[in-house]
Amino acid sequence: MERPLVSILMPFKNTARFLEECLASIRAQDYGNWELLAVDDHSTDTSRQILEKVAGEDGRVRVTDNPGSGIIPALRQAYAASSGALVTRMDSDDRMAVNRLSTMAGQLQQSGPGHLALGLVRYFSNRGISDGYARYESWLNGLTREGANFSEIYKECVIPSPCWMVWRDDLERCGAFRPDRYPEDYDLAFRFYREGLTCLPVSDVLLFWRDYNERTSRNSEHYAQNYFLEIKTHYFLSLDRDADRPLIVWGAGFKGKKVARLLKRAGQPFRWVCDNPRKIGKRIYGIRLEDYRVLPGIKNPQSIITVANQLAQKEIRAYLQDHLKTPGESTFFFC
C-alpha cells in the first residue's frame with residue numbers, strides 16, 4: 001500500500017532545551033514519508049539555530065517565520081506551506097512514540113475519509129505529574145481507547161492537540177486553522193465533532209506529553225477557564241441546544257455564574273438551580289436561584305452542569321435519572 005505524505009505542523013518558541021529530543025523522535029519514526037513544517041513564533045533562544053541545523057541535514061524539515069504572533073497564525077503559516085494528504089500536529093517540547101505516524105496513517109488509510117486518528121498520551125516531567133494531570137491523562141485515554149472522545153466533549157478538550165491526524169480534505173471541511181478562537185485545540189475538537197468525524201479507537205501510547213512550568217497552556221491567558229467556558233457555551237448553543245425544551249443551569253459558583261452571563265448575553269432563557277440554602281431565593285444577574293427540587297415539575301429539560309465536585313456530579317446524574325428520567329444526551333457536564 002502506498003504511503004501518503006504526512007504533513008507535521010509544529011509552531012515553536014523558546015523550546016531549545018527540548019527541541020533536539022523532539023526532533024530526534026520525529027526523525028526516528030518508522031514511517032518515513034513525512035514533512036515537518038516548523039514555524040518560529042519569534043524565539044529569542046537558540047531554537048531557530050537548532051532547527052536550521054536539522055533542516056540542513058534532513059530535507060524533510062522546513063523552517064519559516066510566523067508572520068503574526070501566537071499559535072494560530074503559526075499554524076496557518078505551517079498549514080499553508082504543507083502539501084501532505086494527511087495532516088497532524090506536534091508540539092516542540094514533546095516526544096513522539098516511534099510508531100506514531102505509521103499507526104495513525106495506517107488507521108486512516110484503512111478507514112478512509114471522515115475519520116480522526118488519535119493516540120493515547122503519557123505525561124512526563126522531571127518533577128513528577130500532579131494529580132490533576134494524572135486524572136486528565138486517565139480520563140482522556142479512557143475515551144480514546146473506545147473512540148468515544150466526543151461523548152464528553154463539554155467537560156474538557158477531548159482531542160490531545162499534538163496527537164491527532166486527519167485527511168487534509170476533512171481538515172478543510174472543518175475549517176482548518178481559520179477561526180480566531182482560543183483555546184485553538186478545543187475549538188478544533190468541536191469543529192471535528194460538528195462535522196461528524198469518527199474517532200478511531202487505539203490502544204497505543206503515541207505521544208509523550210511534557211509538563212513544565214513554562215508550558216503555554218499553564219501561562220497563556222488564552223487557556224484560562226473563562227475561554228473554555230466561552231467555547232463550550234458557544235458550541236452548545238449552536239450544536240446541541242433544543243429551543244423547544246427548557247434549559248436548566250446547575251450550580252452558582254464561578255463556572256455557573258460565567259455560563260449564566262454568557263447565556264444572558266446570547267439572549268438564551270434558562271432557569272438556574274442549586275442546593276445551597278444561602279443562595280436559593282437570591283437573584284444574580286436578575287435571575288432568581290431556585291431549589292433543584294423544582295426540577296420534577298419541569299417537562300423534558302436540557303441541563304448544563306457547572307458543579308465541579310465529582311461526587312456531586314454523580315449525585316446530580318443519579319437524581320436526573322431517578323426523578324426526570326432524562327436520557328444522557330439531555331445532560332451536558334461543563335466541568
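The values are calculated or read from the model by the stated rules, or taken from the named source; none is laboratory data. Please read these numbers as outputs of a predicted model, since none were measured by experiment. Quick reminder, even Gly has a Cβ in these numbers, built from the backbone with ideal geometry, and neighbours come from all protein chains shown.
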### Query
Looking only at strands (runs of 3 or more DSSP E) that fall completely inside the range 264-335, which ones have 3 or more residues that are at pLDDT 90 or above and more than 30 Å from the chain's Cα centre (by Cα)?
287-291
### Query
Can you name every residue in the range 248-261 that is touching a Lys or Arg at 6+ places or on another chain (Cβ under 9 Å) and part of a helix (DSSP H, G or I)?
Val259
### Selected residue [hydrophobic (A, V, I, L, M, F, W, C), farther than 27 Å from Gly132 by Cβ and without any contact (Cβ under 8 Å) to a residue 12 or more places away in the chain] from Ile280, Ile287
Ile280
### Message
in contact with a strand residue (DSSP E or B) (Cβ under 7 Å, 6 or more places away or on another chain) and buried (at least 18 other Cβ atoms within 10 Å of the Cβ): which single residue out of Phe177, Phe150, Phe124 fits that description?
### Response
Phe150
### Message
Need pairs with beta-carbon distance below 7 Å; first residue without any contact (Cβ under 8 Å) to a residue 60 or more places away in the chain and of a type in the set (S, T, N, Q) and within the range 259-274, second outside any loop (DSSP other than H, G, I, E, B) and surrounded by 14 or more Cβ atoms within 10 Å (Cβ to Cβ); sequence gap 6+ or separate chains.
### Response
Gln268/Leu237; Gln268/Leu247
#### Entry: Residue ID - modelled with the lowest pLDDT, chosen from residues in the range 174-204 that are assigned to a loop (DSSP other than H, G, I, E, B) and among the hydroxyl-bearing types (Ser, Thr, Tyr)
Tyr182
### Task
Say whether the condition of being under 28 Å from Val158 (Cα atoms) and crowded, with 20+ Cβ neighbours inside 10 Å is met by at least one residue in the range 273-290.
yes
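Among the residues of the range 75-116, write down those that are in contact with a Pro (Cβ under 8 Å, 6 or more places away or on another chain) and either closer than 24 Å to Tyr182 by Cα or crowded, with 23+ Cβ neighbours inside 10 Å (or both).
Across the range 75-116, the qualifying residues are Leu75, Gln77, Ala78, Leu86, Arg89, Met90, Asp91, Ser92, Asp94, Ala105.
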